[in-house]
Ligand code: NAP
């Protein structure tokens, strides 16, 4: 099983050391700002949790909230503030944004070196051209787990279900860089099962409980389950775990697989962003 809790503990300890060293060397602790638009209960909880989680790790973090009906100008003003404030090193925009706001417009206005979510077009372009800089934390977590368990990717058939900008597409780029042969599936793809059946590595990032079943898998496949679904109050992934584990060589459990690593990757991104900004300031001075 691709269990991540032990790895998460080790990464947390390493990150704390890196943060201490960064602070000693530069004289400040990197700071995350979280921008929340709206009052949706789950989003408020998530935003508050992430601020607390970053603080507990030894980083600084703060939450800025705007009402659900905030105009794009108000959101842009907050993005501009975060971009120009030298005491903010990363901005996380809580998703989903209310439907009248276009997240592309929001990310375009952000300083690309403060884009800890890897959603600024410059960071997306760098990843697509094989020079990753700030990359979304969830696919990074999946790659970190595969590396921990030494899953070979060179020449492997990798099938990814889901083509979002946050998970599926950046994961495909990361896999390509590791010389995998990648197939990216989505809601309009024909014959999902035929694709899944020949895959050495299957990554499911769809948001449909138990869409992938054990019978669909090639025996010995490695399965990454990114799904977060609540069914009858229980957290389940996109893969039917019991059937899949009988057939797969390795599979990430939900919970306890990808999830515990994603915030850690986000914190790594904040440290990287702060370092990139410090280097830019050095070059300009
Ligand atoms: P999303 O933006 O809703 O994208 C879902 C993708 O799945 C889309 O590309 C969609 O295709 C595709 N899809 C939908 N139904 C399908 C079907 N029946 N067959 C094949 N593809 C189908 O979701 P997301 O943000 O990428 O998140 C995906 C899942 O990962 C969710 O459960 C989410 O909660 C979870 N997630 C987990 C983490 C973590 O930290 N573990 C982080 C982020 C997301 P179209 O493009 O054609 O619509």
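Annotations for the structure displayed:
- Residues located in the range 242-261, provided they are buried (at least 20 other Cβ atoms within 10 Å of the Cβ) and either in a loop (DSSP other than H, G, I, E, B) or within 11 Å of the ligand (Cβ to nearest atom) (or both): 248, 252, 254, 257, 258, 259, 260, 261
- When residues in the range 135-145 are screened for being touching a strand residue (DSSP E or B) at 6+ places or on another chain (Cβ under 8 Å) and crowded, with 24+ Cβ neighbours inside 10 Å, 1 of them pass.
- Residue in the range 51-62 that is assigned to a loop (DSSP other than H, G, I, E, B) and surrounded by 14 or more Cβ atoms within 10 Å (Cβ to Cβ) present: yes
- Spans of strands (runs of 3 or more DSSP E) in the range 179-234 with at least 1 residues over 21 Å from residue 1 (Cα atoms): 181-185, 229-231
- With respect to the conditions (1) within 14 Å of the ligand (Cβ to nearest atom); (2) touching a strand residue (DSSP E or B) at 6+ places or on another chain (Cβ under 9 Å), residue 200 lacks only one, and its number is (1).
- Selection from the range 66-80 of residues that are within 20 Å of residue 31 (Cβ to Cβ) and over 24 Å from the mean Cα position of the chain (by Cα): 77
- Residue selected from the range 224-241 under the condition crowded, with 19+ Cβ neighbours inside 10 Å and without any contact (Cβ under 8 Å) to a residue 40 or more places away in the chain, by the criterion nearest to residue 192 (Cα to Cα): 239
- Residue within the range 214-225 that is near the ligand (Cβ under 9 Å from one of its atoms) and in contact with a helix residue (DSSP H, G or I) (Cβ under 6 Å, 6 or more places away or on another chain) present: no
- Residue-level analysis places residue 129 among those that are farther than 26 Å from residue 222 by Cα, surrounded by fewer than 22 Cβ atoms within 10 Å (Cβ to Cβ) and outside the structural domain of residue 44 (by TED's automatic domain parsing).
- Any hit, the range 145-163, residues being within 14 Å of the ligand (Cβ to nearest atom) and farther than 21 Å from residue 217 by Cα: no
- Condition met for residue 191 (surrounded by fewer than 20 Cβ atoms within 10 Å (Cβ to Cβ) and more than 16 Å from the ligand (Cβ to nearest atom)): no
The values are calculated or read from the model by the stated rules, or taken from the named source; none is laboratory data. Worth saying up front: this structure is predicted, and the values here are computed from it rather than measured. Here the Cβ is made from the backbone with ideal geometry for all residues, glycine too, and neighbour counts use every protein chain on show.
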